[in-house]
Amino acid sequence: MTNPLHLLIVKREMTRQIGNLIPEAEDELEQAMDDQWGVEQEWRSIPLFETMMKVIARASNRVLVGSQVCMSFLSYCIVNLLYPSKSQRFASERRSQY
């Protein structure tokens with residue numbers, strides 16, 4: 001790896017802020033689970049892998065770029081799912097706009 005900057009950010013800054021990030025992740029996980037699985041009480045089949053990829057992507061996005069960017073940039077979710085290697089650059093570009 002030629003530029004391990006993201007490793008330093010995760011190890012230092014995100015670790016220091018983990019307590020502040022948990023409520024954001026928890027809120028987004030709850031919303032994403034309701035959106036993906038619904039709130040109905042009856043039994044039904046759920047495509048677990050596909051829905052959990054979306055749930056995890058949303059929670060990650062919320063923590064990495066915040067609620068405003070996460071909600072207003074659906075394309076960020078798509079980039080994160082389809083092109084994970086490009087999502088870090090996309091996030092920093094979007095954060096700089098706010």
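Remarks
- Qualifying position, being out of contact with any Asp or Glu (no Cβ under 8 Å at 6 or more places or on another chain) and in contact (Cβ under 8 Å) with a residue 24 or more places away in the chain, among 21, 8, 48: 21
- Residue 44 meets each of the listed conditions (1) among the basic types (Lys, Arg); (2) surrounded by 10 or more Cβ atoms within 10 Å (Cβ to Cβ); (3) in a loop (DSSP other than H, G, I, E, B) apart from (2).
- Here is the figure for the stretch 15-41: residues that are more than 14 Å from the chain's Cα centre (by Cα) and surrounded by fewer than 16 Cβ atoms within 10 Å (Cβ to Cβ) total 13.
A short reminder: the numbers here are calculations on the coordinates, not readings from a lab. On a predicted model such as this, the values are computed, not experimentally measured, just so you know. As a convention, Cβ positions derive from the backbone with ideal geometry for all residues, glycine included, and neighbour counts pool all protein chains shown.
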